[in-house]
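Remarks on the structure that follows.
The values are calculated or read from the model by the stated rules, or taken from the named source; none is laboratory data. Not measured: the values here are computed from a predicted model. Every residue, glycine among them, receives a Cβ derived from its backbone with ideal geometry; neighbour counts consider all protein chains shown. All accessible areas refer to the heavy atoms of the entire protein, side chains included, with ligands and DNA or RNA removed. Shrake-Rupley method; radii C 1.70, N 1.55, O 1.52, S 1.80 Å.
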Amino acid sequence: MLKYLLMLGFLIPVCFFPRGWWMVQSFLYMITFFFFFSCNLTSNFGGLSYIFGFDILSFGLIMLSLWICSLMITASGSVNRYEFYEYLFLFMVVFLMLMLYCTFSSLTLFSFYLFFEGSLIPTLLLILGWGYQPERLQAGVYLLFYTLLASLPLLVGLFYVYQVEGTLSLLKLGGDVSSILLYLCLITAFLVKMPMFLVHIWLPKAHVEAPVSGSMILAGVLLKMGGYGLLRVYIMLMNLSLKYNWVWVGISLVGGVLVSLMCLRQTDLKALIAYSSVAHMGVVLGGIMTLSVWGFNGAYTLMLAHGLCSSGLFCLANICYERLGSRSLLVNKGLMNFMPSMALWWFLLSSSNMAAPPSLNLVGEVVLLNCLVSWSWISMVMLMFTSFLAAAYSLYLYSYSQHGDIYSGIYACSSGVVREYMLLLMHWLPLNSLVLKGDLYMLWL
């Protein structure tokens, strides 16, 4: 474990080398492959060293973080091309990766909380420093206040648990919490981070103002920290959860339908993809809240799938934005004429977003549908609407952006560059090839 932390730590000075961009990018990909091939996948915590370790749940999310952070640098070619504080940008990405690595491999709940909040700082600085519009300041404030205010009760709750149990180690936690107030304190921060419907408004705002790298890390990894936290904390909350979790399942499923309807009236490409993230996370949250093995496995699978798919869609939106200077669907229409070679990538990633085979999204959604319907027949009504509307807004995104008359202000035809094709391939290939290794996502079977 420590060897990867040291690798990332020693990568920080390299960020400030002249022409260090390609070196940092190459090293991050190298660390990703080392991590992937050298880890022994067991269900127990492995690679223990002081307060860091990982099991199968952490492994998938650390792997996703490394992959997305490497792709963030690949996607942000314009930062390097225009020399827009590229050294600081690299430092932010590597520092964020360090925080995420520590978050997902923490063995105590306090160190998890520390790094969970620490990852907020580089994300905020990415949005404030490299965002596009002046409204990014407001988006940064939303992000900061929603996530910080919700996580303060979590800190108080952890102190109380430590006082009662005498430990915050994930290996020793058990027992059962009987206080409703403590139950709310321990899960609120994660519900906001997911984000659950009703506390989701910070996410579309942050996405719309963030640069492509900020959107990728927000959609790809930071939303997953909420799900990861819930999976870890529920070991202490079984009795109360069986009583009260129906509230969260109800809000998530109804919210998923409402947010899907909101997707159908968006005119901003990034806002549409951001709202679709909220809808997908609603189903994930519903699965986790059933407290069943199927729910946990399905949530884990869909979190990984959504991380790759959503990140890829944000890359595509950015490719169009760099060419046309606008993210509006009124300008980004008829793109099949303007960028014919990108139409295939739009189709592949939009179809993955609506859980078409052979994407990993399909595996996750089928498992979660099974889990939620077996938990309660009534949930089938909302799940039907959610699945139908997911297909509707994915088709809306694809057809409105690719078909129709081309915007009259465009007088050219543009193709992508090799970097962009490689970037999209590296999102799509794992998303569709991981289906072949389905036993990886069965966490506790």
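Just a few scattered comments:
- Over the chain: helical MRE at 222 nm, DSSP H runs n ≥ 4 each giving -39500 (n - 2.57), nearest 500: -23500 deg cm²/dmol
- Springs join every pair of Cα atoms under 10 Å in this Gaussian network model of the chain, and among His280, His403, His200 the largest mean-square fluctuation is at His403.
- More than 31 angstrom apart: percent of Cα pairs within the chain: 37 percent
- In percent, rounded to a whole number, the relative contact order of the chain is 14, using alpha-carbon pairs under 8 Å and six or more apart.
- Lys, Arg +1 and Asp, Glu -1 on Cβ, resulting dipole of the chain about Cα centre, debye, nearest 20: 140 debye
- Size of segment 127-185 from its Cα atoms: along the principal axes, largest to smallest, the extents are 49, 24, 14 Å.
- Over 25 Å between alpha carbons, listed pairs Lys270/Lys333; Lys205/Lys333; Lys3/Lys193; Lys224/Lys437: Lys3/Lys193
- Kyte-Doolittle mean at least -1.0 and Cα axial length at least 24 Å: DSSP H helices in the chain: 21-38, 56-75, 86-104, 136-165, 238-263, 269-289, 293-324, 379-402
- The residue list Gly298, Tyr400, Leu313 was ranked by how far each Cα lies along the charge dipole of the chain toward its positive end, using unit charges on Cβ atoms, and Tyr400 comes out on top.
- Considering only Gly295, Gly287, Gly409, the Gaussian network model of the chain with Cα springs below 10 Å gives its largest mean-square fluctuation to Gly409.
- For segment 1-442, the share of accessible area belonging to carbon and sulfur comes to 72 percent (1.4 Å probe, ligands and nucleic acids excluded).
- The residues of the chain expose, per residue, 39 Å² of accessible area to a 1.4 Å probe.
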